[in-house]
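The values are calculated or read from the model by the stated rules, or taken from the named source; none is laboratory data. It should be emphasised that the depicted structure is a prediction, and the values quoted were computed from it without experimental measurement. So basically every Cβ, Gly included, is an ideal-geometry build from the backbone, and we count neighbours across all protein chains shown. In case anyone asks, the SASA skips ligands and DNA or RNA and just uses the protein heavy atoms, side chains included. Shrake-Rupley method; radii C 1.70, N 1.55, O 1.52, S 1.80 Å.
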Amino acid sequence: MNALTRIGGFGLALAVLFGVSYVVGTTIGPSRDSDGQAGASGQEASAGGGGAAGGVDGVTGGIGGLAISAGGYTLAPGELSWPVGRSRTYTFRILGTDGRPVTEFTRAHDADLHLIVVRRDLTGYQHLHPTRDAAGTWSVPLQLAAPGVYRVFADFIPRSSRTGSAVTLGADLTASGDLRPVALPPDSRTAMTAGGYTVTLGGQADTREAATLRFAVARNGQPVTSLERYLGAFGHLVVLRQGDLAYLHVHPNSAGTAGTAGPVGTAGPVGSAGPVGAVAPAGSVRTASSGASAAADSGSALSFATRFPSAGSYRLFLDFKHEGQVRTAEFTMTVMADGTAHLATPTGTSPPAHTH
C-alpha cells in the first residue's frame, strides 16, 4: 500500500468517526435534571435575592453553582490551591461579559455577596461574607481544616440584573494532603450543635411542587423563643445535592411577606418582600404571590419553602443565631425516585403548609 492510499484511508476513517460523534451528540444531547434544564446552567434565584425562594432560576429553571461562568458572569478566583490548617486571605473577582470586574451589586440580606465553602464530601461547611475593594476584588479570611477538594460558591445579585434574580457561580479549591473522605451521614430528623442546641426537622420534600420544611430549635430540652436576626433573617438554609453539589439557597417564610415562599425558581420582584424571616403568630398561614403557602411559627420554629430538583441525597445546613452566636445544624435528606421524602413533624409545631 503506497503513502497516498494510506493517507486516504486514514482520512476516511476520521470522517466516519466524526460523523458518528455528531449523530450521537445531536441525538442524546446534554444531561438534564428533572426540571428539563441543562445542569450546567448556573444562574438561579437564590435567597440572596430578597424575593426568591430557592436555588433554581425563575427564568431558565437551571441549577445553581455547577458552573464557573453563567448568565454573562464569571467567577475568577485568585488561587486554585490552599494550605491546610492556616488562615489566609482568599481573593476572587466577579467578571462581566466585557472581562472587567463587576463593582455594582444589589445588597441582599445585609451583604452584597454570600460565599459558601464546603468540601466535596459535604463536610467543612462555611458561610462567609467577603469585602470588596474599589477595583472589584473580593477578599475574606479562609482556613481549611482538612485536605480535599472544596467547592466555593459565590451567590450575588448584579445590579444590572433586570429580573432581580441571583447568580450562583462555583469553582473548586484544592487543599493538598492525605485525603480521607467522610461518608454522608444517614438521614436524620435531629441535629445537635455546640452550646446544647437540638434542632428538629419536619415537613415534606418534593421534586414536583413547592414543599415546606420546618426546623424547631431547642436548648437543653426547652424551646428557644428568642432567636436573633442574622443577616436580616432568623435563619438561613443552604441545601447541596450529593455528587455534583447542585446548590439551593433558601430563607424562612414569613406571614405577610409576598414573594419569599414560592417554589424554587419562582422569584418575586426585588423589593416586594417585607421583613425577611419575620415570625408570625403560631399557626398563621398566608398564600404568597407565587402561589405557595407560607407559614411561620412563633418562637423556636423556622419555616422554609423550596422544591428539590431531583431524586438523590441532599445535605442541609441551617444557620441560626442565639445569644450572639451563630450556630449551624446539619441534616441529611434522601428524596426518593417518586419525588417525595416524608419527614416527621417536629413536636410543638403546626402541620406544614403545602401547595397543591
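Only one entry of A175, A171, A205 meets the criterion of being within 30 Å of G72 (Cβ to Cβ) and open to solvent by less than 10 Å² (accessible area, probe 1.4 Å), and that entry is A171. Among the conditions (1) in contact (Cβ under 8 Å) with a residue 12 or more places away in the chain; (2) surrounded by fewer than 24 Cβ atoms within 10 Å (Cβ to Cβ), the only one that R214 does not satisfy is (2). Within the stretch 175-193, residues that are more than 27 Å from N220 (Cα to Cα) reach partners that are open to solvent by less than 80 Å² (accessible area, probe 1.4 Å) and of a type in the set (F, W, Y) with beta carbons closer than 9 Å, at six or more positions or on different chains, in the pairs A175/W82; A175/Y150; S176/W82.
If you go through the stretch 84-122 and keep only what is open to solvent by less than 40 Å² (accessible area, probe 1.4 Å) and among the basic types (K, R), you end up with just R119.
Out of the stretch 129-159, which residues are hydroxyl-bearing (S, T, Y) and either surrounded by 17 or more Cβ atoms within 10 Å (Cβ to Cβ) or in contact with a Gly (Cβ under 8 Å, 6 or more places away or on another chain) (or both)?
Those that are hydroxyl-bearing (S, T, Y) and either surrounded by 17 or more Cβ atoms within 10 Å (Cβ to Cβ) or in contact with a Gly (Cβ under 8 Å, 6 or more places away or on another chain) (or both): T137, Y150.
Name every residue in the stretch 298-323 that is at pLDDT below 95, open to solvent by 10 Å² or more (accessible area, probe 1.4 Å) and in a loop (DSSP other than H, G, I, E, B), in order of residue number. Selection gives S298, G299, S300, R307, S310, A311.
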